[in-house]
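This report refers to the structure that appears directly beneath it.
The values are calculated or read from the model by the stated rules, or taken from the named source; none is laboratory data. From a predicted model like this one, the values you see are computed outputs, not experimental measurements. Every residue, glycine among them, receives a Cβ derived from its backbone with ideal geometry; neighbour counts consider all protein chains shown. Ligands, DNA and RNA are excluded from the accessible area calculation, which covers all protein heavy atoms including side chains. Shrake-Rupley method; radii C 1.70, N 1.55, O 1.52, S 1.80 Å.
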Amino acid sequence: MLVLGIESSCDETAAAIVRDGRDVLSSVVASQYEIHAEYGGVVPELASRAHAERITGTIQQALEQAGVTLDEVDAVAVGHRPGLIGALLVGVASAKALSWSLRVPLVGVDHIRAHLWAGMLDSEADPAEIYPALGLVVSGGHSSIFRLHGPNDHTLLGSTIDDAIGEAYDKAASILGLGHPGGPALDRLASDPAADDRVVDLPISRLGKDSLDFSFSGLKTALLYAVRGVPGKGGVFPRSENELSEARRRDLAASFQRAACRAVILKLGRANEYGPFRTLLVGGGVSSNSRLRRDLQTWADTNAIRLVLPEMRYCVDNAAMIAGLAFDRLQRGEADGLDLRASPSATP
Ligand code: KG4
Ligand code: ZN
């Protein structure tokens, strides 16, 4: 079965053709980084407009790269929640128009849950040996832990109470003067073999004794104070990030990365109590982080859980994960009507 996937929840316009949920024939991602860079973050109105301009061309490209014509598409899947509402509406309207005109089923897919399918794309992993699974989504908009009994059977165990981890990475990068999007830039700097990740002891948020929620705002503020000085102490606040030596900037990046990754591992340890789990499924832009990938592998090995990490190209937002997850519902005879709604919030 060939599924056309469409994704437009934030600042990536994406389309993909996926066979039987796993086999990616094409995955086209048109990023809007250059549009939002000068604002230091995503501007919703500009994002919607760019999606509207690019969506038809992106779908066309996905079909061409897959060598597939529209007549061969068996179903249309679209990320319909959560995200920026104006951005989501562009993808949802396009998917409805295609589903209606081609007379094929329409499937609405939760973007966060689709991130947890990304590790199954182009992979040898056998879906029959995955569940029950522990799911970790670490992205620009979300930091969440789930217990999964199937590809579309999720129980939310914990999520962030303030900044998402990717957002914290982006803000930390901005504090260090690294530009937008900062996550990959901070990762590169922190990966310098000369970097000392203990140069400052940045806080690892634990929250309540049993809490599976994340908090990254304290870490971000602690980094800000390490760079600029503590207000009222020493009378030098604010210093500029330009005063940082290259070595100090690198060491602070590594210290931030250590604290952020340790916070994730700490919560995974607590979540494991809800097991037993056969696998740890991970997804979202921050799952391409070099240190997190290493730390997750170590944690999984120690706990005898199989780690399923997406290939780098499927970590960030893409439409292959949308088409892939939709296949599970289609196989069970499920689909949505043309009254499918876009929603800014995640599936409850
Ligand atoms: O999953 P994604 O594309 O978008 C959302 O659904 O939010 O994630 C984007 C986020 C950004 O915050 C970006 O800085 C972060 O993922 N990111 C990284 C790395 N690559 C992307 N963060 C840390 N290290 C990386 N290598
Ligand atoms: Zn995402």
Take R249 and tell me if it is closer than 20 Å to N289 by Cα and either within 24 Å of the chain's Cα centre (by Cα) or away from ligand 2 (no atom under 16 Å from the Cβ) (or both). yes
Going through segment 157-171 in order, the residues found to be away from ligand 2 (no atom under 16 Å from the Cβ) and of a type in the set (A, V, I, L, M) are L157, I161
When residues of segment 1-47 are filtered for being open to solvent by 10 Å² or more (accessible area, probe 1.4 Å), part of a loop (DSSP other than H, G, I, E, B) and more than 16 Å from ligand 1 (Cβ to nearest atom), how many remain? 3
Could you list all residues from segment 288-316 that are in a loop (DSSP other than H, G, I, E, B), within 16 Å of ligand 1 (Cβ to nearest atom) and modelled with pLDDT of 95 or more? N289, L309, P310, E311, C315
All-but-one check, S123 against (1) open to solvent by less than 10 Å² (accessible area, probe 1.4 Å); (2) away from ligand 2 (no atom under 16 Å from the Cβ), failing number (1)
Among (1) more than 16 Å from ligand 1 (Cβ to nearest atom); (2) surrounded by 17 or more Cβ atoms within 10 Å (Cβ to Cβ), the one test that Q60 misses: (2)
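Any idea which residue in segment 288-305 is least open to solvent (accessible area, probe 1.4 Å), counting only those that are in contact with a Cys (Cβ under 8 Å, 6 or more places away or on another chain) and away from ligand 2 (no atom under 15 Å from the Cβ)?
Of the residues in segment 288-305, the ones in contact with a Cys (Cβ under 8 Å, 6 or more places away or on another chain) are 288-289, 291-292, 295.
Checking which are away from ligand 2 (no atom under 15 Å from the Cβ) leaves us with 291-292, 295.
Values: R291: 46, L292: 2, D295: 35 Å².
Across segment 288-305, the extreme among qualifying residues is L292.
Please enumerate the residues belonging to segment 256-287 that are in a loop (DSSP other than H, G, I, E, B) and away from ligand 2 (no atom under 16 Å from the Cβ).
G275, P276, F277, R278
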Going through segment 123-154 one residue at a time, which ones are over 23 Å from S8 (Cβ atoms) and either out of contact with any Leu (no Cβ under 9 Å at 6 or more places or on another chain) or free of Cβ contacts under 8 Å to residues at least 12 places away in the same chain (or both)? S123, E124, A125, D126, P127, A128, E129, H149, G150, D153
Quick check: anything in segment 195-216 at pLDDT 95 or above, outside any loop (DSSP other than H, G, I, E, B) and in contact with a helix residue (DSSP H, G or I) (Cβ under 6 Å, 6 or more places away or on another chain)? no
Does A95 fit the bill of being of a type in the set (A, V, I, L, M, F, W, C), touching a helix residue (DSSP H, G or I) at 6+ places or on another chain (Cβ under 7 Å) and open to solvent by less than 10 Å² (accessible area, probe 1.4 Å)? no
What's the number of the only condition in (1) within 18 Å of V109 (Cβ to Cβ); (2) β-branched (V, I, T); (3) more than 16 Å from ligand 2 (Cβ to nearest atom) that V308 fails to meet? (1)
